[in-house]
1. Residues that are away from ligand 2 (no atom under 16 Å from the Cβ) and open to solvent by 70 Å² or more (accessible area, probe 1.4 Å): find the helices (runs of 4 or more DSSP H) completely inside the range A:354-467 holding 3 or more of those.
2. I'm checking my understanding of the structure. Among residues of the range B:36-59 that are in a loop (DSSP other than H, G, I, E, B) and free of Cβ contacts under 8 Å to residues at least 40 places away in the same chain, which one is farthest from the other protein chains (Cβ to nearest Cβ)?
3. Looking for something in contact with a His (Cβ under 8 Å, 6 or more places away or on another chain), open to solvent by less than 50 Å² (accessible area, probe 1.4 Å) and not assigned by TED's automatic domain parsing to the domain that holds B:K267 - is there at least one such residue anywhere in the range B:72-84?
4. Got a number for residues in the range A:105-138 being charged (D, E, K, R) and closer than 14 Å to A:L67 by Cβ?
5. Within the set of pairs 6+ apart or on separate chains, which have a first residue in the range B:162-180 that is in contact (Cβ under 8 Å) with a residue 24 or more places away in the chain and not assigned by TED's automatic domain parsing to the domain that holds B:A192, a second that is part of a helix (DSSP H, G or I) and among the hydrophobic types (A, V, I, L, M, F, W, C), and C-beta atoms under 7 Å apart?
6. For the range A:152-186, enumerate the residues that are buried (at least 24 other Cβ atoms within 10 Å of the Cβ) and β-branched (V, I, T).
7. So is B:T219 touching a helix residue (DSSP H, G or I) at 6+ places or on another chain (Cβ under 8 Å), within 24 Å of A:D352 (Cβ to Cβ), within 14 Å of chain A (Cβ to nearest Cβ) and open to solvent by less than 40 Å² (accessible area, probe 1.4 Å) or not?
Amino acid sequence: MTPKERMAIPCQEMPEQDAVVRARNMKEVALGFTAEQAKIEASRCMQCPTKPCMTGCPVAINIPGFLAKAAEGDFDGALKIIKETSLLPAVCGRVCPQEKQCQKFCTMGKLMKNVDKAVAIGRVERYCADHGDAGEVVCAPKTGKRVAIVGSGPAGITCAADCAKAGHDVTLFEAFHKAGGVLVYGIPEFRLPKSIVQKEIDGLKKLGVKVETNYCVGRTRKVSDFLEKDGFDAVFVGTGAGLPKFMGLPGENLVGVFSANEYLTRANLMKAYLEGEAETPFWHGKKVAVLGGGNVAMDASRMALRLGAEKVYLIYRRSLEEMPARKEEVHHAKAEGVEFLMLQNAKEIHGDESGKVCGMTCLKYELGEPDASGRRSPVAIPGSEFELDVDTVVVAVGNASNPLIPATTEGLEVNKRGNIVVDEHNMTSIPGVFAGGDIVLGAATVILAMGEGRRAAAGITEYLKTK
Amino acid sequence: MNKIVAKEQLSENVFRMEVEAPLIAAERKAGQFVIVMIDEDKGERIPLTIADASKERGTITLIFQTVGASTLKMSHLEVGDSIAAILGPLGQPTHIMGRDGGKPGKVVCVGGGIGVAPMHPIAQALKAAGNDVTIIMGARNKGLFVMEKEMREIAGDKLILITDDGSSGRKGLVTEPLKELCEAGAVDEVIAIGPPIMMKFCALTTKPYGVKTTVSLNTIMIDGTGMCGGCRITVGDETKFVCVDGPEFDGHKVDWDQMLKRMAIFKPQEAAAKEHACNLYK
Ligand SMILES: Cc1cc2nc3c(=O)[nH]c(=O)nc-3n(C[C@H](O)[C@H](O)[C@H](O)COP(=O)(O)OP(=O)(O)OC[C@H]3O[C@@H](n4cnc5c(N)ncnc54)[C@H](O)[C@@H]3O)c2cc1C
Ligand SMILES: Cc1cc2nc3c(=O)[nH]c(=O)nc-3n(C[C@H](O)[C@H](O)[C@H](O)COP(=O)(O)OP(=O)(O)OC[C@H]3O[C@@H](n4cnc5c(N)ncnc54)[C@H](O)[C@@H]3O)c2cc1C
Ligand code: SF4
Ligand code: SF4
Ligand code: FES
């Protein structure tokens with residue numbers, strides 16, 4: 001096929017639930033390709049010899065390789081190729097910001113002069129993961145070495161799986177009562193069904209990984225106890241960026257102001273959406289303001305709709321262009337009825353006599369000079385105050401790293417932001433203690449956390465050879 | 001799963017339970033708490049103070065009052081049953097004068113209602129560190145006192161009982177003997193644990209005398225590890241997370257009005273859940 005002929009193959013639209021219907025239910029929004037669609041979409045790939053897409057994928061999946069298999073309808077073969085580098089394709093195919101990663105560099109998108117017309121790599125990846133079978137995993141012979149993994153997010157899951165495959169005896173420790181990290185407490189069911197995460201955890205157990213929930217490392221036991229008393233030979237710390245940031249606004253501690261972490265944890269992990277069944281109560285705001293512009297803000301605002309809010313405002317102090325959220329989620333949120341208030345920000349939250357939120361003063365912004373991050377920085381317009389009628393405010397302006405492990409582990413080096421410092425093998429300042437994911441990178445992405453878990457596992461295996 | 005090895009009813013709606021949790025028993029210090037789940041799938045995560053622990057038996061003791069759905073469910077578990085999940089020990093241990101710095105001195109412990117239970121290990125540690133310990137125990141009426149014997153073992157004749165209705169000990173509020181003790185001078189520290197309103201007034205009582213007053217806040221929590229901010233409260237000019245920065249704070253700096261309002265966030269839903277749970281046990 002010539003490139004021209006390939007360009008003529010129509011882009012496949014992923015079926016999704018109707019926007020009006022889905023905005024009020026918790027079921028997955030994007031339904032996934034059919035087999036036929038996956039084949040057609042994969043056949044749009046031109047098999048570029050330089051493979052530019054691969055440079056955009058943080059773990060460098062052999063993209064043309066798996067697309068070629070998928071185009072033939074060999075989804076098992078495609079999944080095998082994906083799994084050589086990525087452990088969580090069903091997750092990443094759904095949540096990667098593809099338009100900024102693999103698809104950004106895709107030649108097809110360049111030819112069509114529209115990144116949205118690039119080969120839908122993530123969607124085909126998702127199809128292969130959901131429907132393909134990569135076969136049984138074989139573990140290397142037992143090494144007799146024991147590895148403790150702290151935190152069960154994508155970094156921990158990946159590191160645990162790779163360590164188990166390398167023949168080590170692995171135990172995964174998680175503070176919550178359910179394993180999965182942000183994938184279970186943060187990202188909602190309608191975007192990432194929890195059954196998919198559970199499948200990955202079950203997979204770990206099949207590899208022989210022991211999963212200990214309700215275990216807070218630093219409190220129940222310390223990292224040093226693992227090494228000195230409990231007979232572990234190496235430890236991996238993947239505790240994520242779980243510390244919610246607040247903005248320091250007047251009124252931020254009023255009743256009805258939540259961190260996105262609390263709001264989403266109540267809804268997802270504690271299943272507050274199962275009204276009448278779940279015991280954890282939920283705050284049913286009617287007019288909800290969500291502050292922020294990332295994936296977390298999108299998830300919180302769409303969750304608010306699903307839990308019965310009549311109006312949901314998403315308030316972001318820059319413009320749509322600067323918004324860090326995945327493009328697809330922004331589209332989805334808009335279609336579902338979230339109102340986007342761009343170049344605006346909260347100034348003060350007001351409360352009534354019982355301490356409940358009863359309104360908010362906002363300010364309008366304009367874009368000034370680019371700041372250190374290269375984005376144009378927002379500047380408040382003096383005198384532009386206006387009132388917004390809300391009864392709930394969700395603060396989704398980012399997470400900092402959880403300080404518990406650094407605070408309870410003597411000699412563990414962290415940087416100014418509290419992120420753990422690691423070398424090129426993801427080893428920390430303490431020999432035998434490795435770290436990766438958001439606790440190292442700051443709030444990042446699933447695929448990056450997964451990549452870090454992989455590199456750390458390789459580092460651990462190397463390190464254990466010398467012991 | 002944590003097996004219940006002993007259970008005792010201390011008063012009409014207060015229970016003591018000893019449960020298996022060997023790692024927590026080994027690590028815990030006075031003032032720390034656990035998060036308990038009765039049902040891991042749809043249950044709530046509730047914070048409870050570790051009232052006592054035995055390293056030998058590998059158990060911790062919890063003392064709880066049935067105030068809502070989850071504590072009511074917990075009260076219906078029997079010896080041999082298991083609690084689905086216990087996470088801990090969480091929070092900062094109590095600073096014990098004379099042990100963790102400073103010289104031993106005169107300490108007044110004020111326990112209101114169920115607050116006597118979390119006070120017990122603290123009073124024990126204070127005594128062991130050589131402090132002169134006075135204990136004030138307050139309750140609405142005689143039937144609501146818990147652990148009187150244990151507290152008497154620590155304080156001897158320096159145990160002051162006080163009830164709202166005078167059915168046991170003095171009639172009145174805990175702040176009255178507290179004020180007299182401050183008035184008489186030589187109080188180095190007051191530790192108050194009980195309903196927020198009681199702690200608020202204890203702090204107000206000691207403030208004019210400049211007596212350091214430590215309170216243990218019982219805010220609503222979810223994770224207990226610092227990831228949600230649901231337990232946050234203003235102390236001085238700062239926002240603090242009770243589960244990791246506390247649960248103990250300087251009572252003179254706590255924004256009590258905010259604390260009381262935040263405690264009531266889910267009142268309507270909790271009332272409905274309690275009624276539902278009560279009906280289940282009828
Ligand atoms: C709402 C939300 C939406 C997001 N959407 C996207 C998206 O669409 N695409 C994307 O790529 N990324 C997204 N992200 C970011 C992504 O989820 C994270 O970058 C990723 O999960 C980080 O993985 P991790 O393994 O480092 O940590 P986490 O997933 O945060 O997992 C850490 C785990 O460690 C546990 N833990 C912490 N401390 C302890 C301790 N002391 N002892 C034991 N266990 C402990 C925590 O309970 C948690 O389960 C989103 C994040 C959020 C919050
Ligand atoms: C650090 C800490 C230590 C605690 N130690 C103990 C203890 O040793 N023994 C004990 O009996 N209780 C203790 N509590 C309080 C206990 O957590 C609550 O009583 C429990 O969560 C109520 O759950 P429920 O489902 O039965 O009631 P709910 O239905 O949740 O609530 C019923 C009533 O209790 C109030 N309430 C809700 N959550 C809390 C809360 N976290 N604290 C106080 N009141 C609340 C509600 O406003 C409502 O009026 C502690 C709380 C904290 C934060
Ligand atoms: S893992 Fe993410 S970035 Fe890599 S190919 Fe898949 S969707 Fe693209
Ligand atoms: S850049 Fe696009 S077209 Fe080229 S190999 Fe990669 S996916 Fe295929
Ligand atoms: S309970 Fe979640 S931060 Fe304290």
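The values are calculated or read from the model by the stated rules, or taken from the named source; none is laboratory data. These numbers come from a predicted model, not from an experiment. Cβ: placed from backbone, ideal geometry, glycine included. Neighbour counts: every protein chain shown. Ligands, DNA and RNA are excluded from the accessible area calculation, which covers all protein heavy atoms including side chains. Shrake-Rupley method; radii C 1.70, N 1.55, O 1.52, S 1.80 Å.
1. Values: elements: A:404-408, A:438-441, A:446-465.
So the answer is A:446-465.
2. In the first step, residues of the range B:36-59 are kept if they are in a loop (DSSP other than H, G, I, E, B); the result is B:38-45, B:55-58.
Imposing the further condition that a residue be free of Cβ contacts under 8 Å to residues at least 40 places away in the same chain reduces the set to B:41-42, B:44, B:55-56, B:58.
Working: B:D41: 8, B:K42: 5, B:E44: 4, B:K55: 14, B:E56: 18, B:G58: 13 Å.
This residue is B:E56.
3. Step one: filter the range B:72-84 for residues in contact with a His (Cβ under 8 Å, 6 or more places away or on another chain), giving B:84.
The next check asks that each one be open to solvent by less than 50 Å² (accessible area, probe 1.4 Å); those that pass are B:84.
Checking the rest, the ones that are also not assigned by TED's automatic domain parsing to the domain that holds B:K267 come to B:84.
Looking through the range B:72-84, at least one residue is in contact with a His (Cβ under 8 Å, 6 or more places away or on another chain), open to solvent by less than 50 Å² (accessible area, probe 1.4 Å) and not assigned by TED's automatic domain parsing to the domain that holds B:K267.
4. Residues of the range A:105-138 charged (D, E, K, R): A:110, A:113, A:116-117, A:123, A:125-126, A:130, A:133, A:136.
From the residues that got through so far, the ones that are closer than 14 Å to A:L67 by Cβ too are A:123, A:125-126.
So the count comes out to 3.
5. Short answer, once both residue conditions are applied: none.
6. Result: A:I157, A:T158, A:V170, A:V182.
7. Values: touching a helix residue (DSSP H, G or I) at 6+ places or on another chain (Cβ under 8 Å): yes; within 24 Å of A:D352 (Cβ to Cβ): yes; within 14 Å of chain A (Cβ to nearest Cβ): yes; open to solvent by less than 40 Å² (accessible area, probe 1.4 Å): yes.
Here the answer is yes, as B:T219 does meet what is asked.
Yes/no matrix, rows are residues, columns are (1) assigned by TED's automatic domain parsing to the domain that holds A:G437; (2) of a type in the set (D, E); (3) in contact with an Asp or Glu (Cβ under 9 Å, 6 or more places away or on another chain):
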{"residue": "A:V257", "(1), (2), (3)": "no, no, no"}
{"residue": "A:N261", "(1), (2), (3)": "no, no, yes"}
{"residue": "A:N268", "(1), (2), (3)": "no, no, yes"}
{"residue": "A:G276", "(1), (2), (3)": "no, no, no"}
{"residue": "A:P281", "(1), (2), (3)": "no, no, yes"}
{"residue": "A:D299", "(1), (2), (3)": "no, yes, yes"}
{"residue": "A:I315", "(1), (2), (3)": "no, no, no"}
{"residue": "A:E321", "(1), (2), (3)": "no, yes, no"}
{"residue": "A:V338", "(1), (2), (3)": "no, no, no"}
